[in-house]
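Here the structure comes first, spelled out in structure tokens, and everything after it is commentary.
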Amino acid sequence: MKLDADDWNWIAWRSVEREVERLRQRIFKATQEGDWPKVRNLQKLMLRSRSNTLLSVRQVTQRNAGRKTAGVDGEVALTSEARADVAVRVHQSISSWKPRAVKRVYIPKGSNPAKLRPLGIPTDTA
């Protein structure tokens, strides 16, 4: 998937939003029917969806209040070209992405310090 700044500016966002909304509705319907294999397959389809990737990148880089603040990767995408590059990288890394390891620590609850609640702390395994 090659996407550049011009392509980013000419994306038919209404069409992209409709496609993602349709997938969400299909997942919801399958959930209501209790068809769990279908739910899982639709969720995988959503993760691999180009439209979902584009909409997610747009949400994070254009619509969020914190769009000018760097994330965990230390990057900020303020131009169309940068947004297009992020979308391409995210979509290409979908199949190779692995979640980071999390260390589980139990901390006292605010309402009752005698009770504990779990806290997940990301660990660097790289």
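The numbers here are math on the coordinates, done by the rules we state, and not lab data. Keep in mind that what you see is a predicted model, and the values were worked out from it rather than measured.
Looking at [x] 2, 9, 16, 16, 12, 9, 8, 7, 7, 6, 4, 2, 1, 0; [y] 2, 11, 20, 21, 18, 12, 8, 5, 3, 1, 0; [z] 2, 9, 13, 14, 15, 15, 13, 11, 5, 2, 1, 0, which value of P(r) over Cα pairs in 5 Å bins from 0, in percent comes from a calculation on the structure shown?
[z]
Angle between the Cα long axis of helix 80-92 and the longest principal axis of the chain, 0 to 90 degrees, nearest 10?
Here the helix axis deviates by roughly 60 degrees.
Would you mind calculating the relative contact order of the chain from Cα pairs under 8 angstrom and at least 6 residues apart, reporting the percent as a whole number?
Details: 116 pairs, mean separation 30.5, N = 126.
Relative contact order, the chain: 24 percent.
Using a 10 angstrom cutoff on alpha carbons, build the Gaussian network for the chain and name the most mobile of Gln25, Gln92, Gln62.
Evaluated over the chain, the most mobile residue of the options is Gln25.
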